[in-house]
Amino acid sequence: MKEVLLAIAEELVLFSPEEARQVLGRLSRSDSALEACVERLVGEGALLPLEADESVLRRPALLRWNSEQADVPEVRDAVAALGLGRRSYADVNWDALTGRLLGALEEEARVLEEDVAELARPPKQLELRYFDLSIEYHRHYSKLLRLSFTEELSGVISLKRWEEFRATLSRLRELLDRLDYR
């Protein structure tokens, strides 16, 4: 299932779960594990879920994010037979998407800063939360930076707030460095 979903993402770039079900049906494959597989691929960072206002599809969708290439000729044939057209990263409402992603990171940073100030958890747990936050930030920022250099998206993706968020991460790092880890 994973390889098929990655191949669908490769073919369409942006697709709805319903379209994935259509492709699976065309391939005579069960869609019973679709949600679990999508959840796993989202957790791995291979797919990024989009809300209805974040793409031209105007419904919840999935975007090829940091995934390896998957070439499954049967998927290509099924997509063509269903008449599903390839979409592009330009079909994403980048202001809405990046606002949601960064807003979630900013909220997590705010909560973490409060927890550090109150020493609400052991320092090692706070450190792990910072590490997760930093990884999530860098994962999204690096993909957005790469996309912003493409001809298709040149000047479309605003990275100013993302770059400003680095100061927040630095401030959190300084606060954590002051904690006693005994």
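The values are calculated or read from the model by the stated rules, or taken from the named source; none is laboratory data. All figures in this text were calculated on a predicted structure; none of them were measured in a lab. SASA here: full protein model, heavy atoms, side chains in, ligands and nucleic acids out. Shrake-Rupley method; radii C 1.70, N 1.55, O 1.52, S 1.80 Å.
In this entry, segment 96-167 is assigned a mean projected area of 4.8 nm², taken as a quarter of its C-alpha convex hull surface. The distance separating the Cα centre of segment 4-28 from that of segment 79-95 comes to 11 Å.
Mean projected area of the convex hull spanned by the Cα atoms of the chain, taken over all viewing directions: 11.8 nm². Compared with the dominant principal axis of the Cα atoms in the chain, helix 2-12 is inclined by about 80°. Taken over segment 26-94, the percentage of Cα pairs per 10 Å bin, counting from 0 up to the bin with the maximum distance, is 17, 43, 38, 1.
Remark: segment 46-173 carries 54 Å² of accessible area per residue (probe radius 1.4 Å; ligands, DNA and RNA excluded). May I ask you to work out the translational diffusion coefficient for segment 78-120 at 25 °C, viscosity 0.890 mPa s, via Stokes-Einstein with Rh from the Kirkwood sum over Cα pairs, reported in whole µm²/s? Roughly 180 µm²/s, to the nearest whole number. What's the carbon and sulfur percent of segment 13-86's accessible surface, probe 1.4 angstrom, rounded to a whole number? That share works out to 47 percent.
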